[in-house]
1. Restricted to region 193-209, and to residues that are free of Cβ contacts under 8 Å to residues at least 40 places away in the same chain and in a loop (DSSP other than H, G, I, E, B), which residue is nearest to the ligand (Cβ to nearest atom)?
2. Could you figure out which of (1) within 16 Å of the ligand (Cβ to nearest atom); (2) at pLDDT below 95; (3) touching a helix residue (DSSP H, G or I) at 6+ places or on another chain (Cβ under 7 Å) isn't true of residue 84?
3. Go through the residues of region 182-189 one by one and say whether even a single one is assigned to a loop (DSSP other than H, G, I, E, B) and within 15 Å of the ligand (Cβ to nearest atom).
4. Answer yes if at least one residue in region 120-127 is part of a helix (DSSP H, G or I), in contact with a strand residue (DSSP E or B) (Cβ under 7 Å, 6 or more places away or on another chain), farther than 27 Å from residue 178 by Cβ and away from the ligand (no atom under 13 Å from the Cβ), and no otherwise.
5. Restrict the check to region 171-190 and report whether at least one residue is touching a residue at least 60 places away in the same chain (Cβ under 8 Å) and within 14 Å of residue 210 (Cα to Cα).
6. Being part of a loop (DSSP other than H, G, I, E, B), in contact (Cβ under 8 Å) with a residue 60 or more places away in the chain, surrounded by fewer than 18 Cβ atoms within 10 Å (Cβ to Cβ) and in contact with a strand residue (DSSP E or B) (Cβ under 7 Å, 6 or more places away or on another chain) is the filter here, so list the residues in region 22-73 that pass it.
Ligand SMILES: *Cc1c(COP(=O)(O)O)cnc(C)c1O
């Protein structure tokens, strides 16, 4: 298993590097290994290959895996749709970054809890840049205004940038348009640092469109 994961990781890094160097030699692109379909043994094996950042999309899975692997200095990203009844559980896990802040109501509910516990949370605002009903996130038209409002009203949430999932289609032009839309918003936000775009099927295109954080699951754990 270790051998196979190591090979997958090396191949993914090579592809990220190639895409990155083609557009911007100075940009640093972070790799988050999405472990939602993987066991704690596979996560530990990929960590042993040098990978540190992992992403989960269900609070319960994050809870189980992070506690089973608590001896390892892993950086946990939450990338799923967070329901308000799971907020307390998530906050107690102290995630490194909530990548999927998808609504104003969620931001306000988080702020209440954070304030009460005197905690802070790093987060990315999720943008539904392909405007797909099946996806959560802020619509691009309202994203900038909402970003400013959360910064203003939710002092315990530290917004660090944007996250988006590329359009759900095989049409590269449509996917590219959704990435460009997100980049365009990102470029208008003063102080935003992280633009999280790109999954196994589209990460090179995402990097070409300005992503500096890719979330890869299947190519790493196949
Ligand atoms: C599952 C998932 C990924 C990884 O998807 P792959 O296609 O397996 O790389 C990335 N981001 C989010 C939000 C996900 O839910």
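1. By that ranking, first place goes to 200.
2. Only one criterion in (1) within 16 Å of the ligand (Cβ to nearest atom); (2) at pLDDT below 95; (3) touching a helix residue (DSSP H, G or I) at 6+ places or on another chain (Cβ under 7 Å) is unmet by residue 84, namely (1).
3. no
4. No, that holds for no residue.
5. The answer is no; no qualifying residue exists.
6. Passing the criteria: only 36.
The values are calculated or read from the model by the stated rules, or taken from the named source; none is laboratory data. Computed from a prediction, not measured in an experiment: that's the story for all the values here. Reconstructed Cβ throughout: ideal geometry from the backbone, glycine too, with neighbour counts over all protein chains shown.
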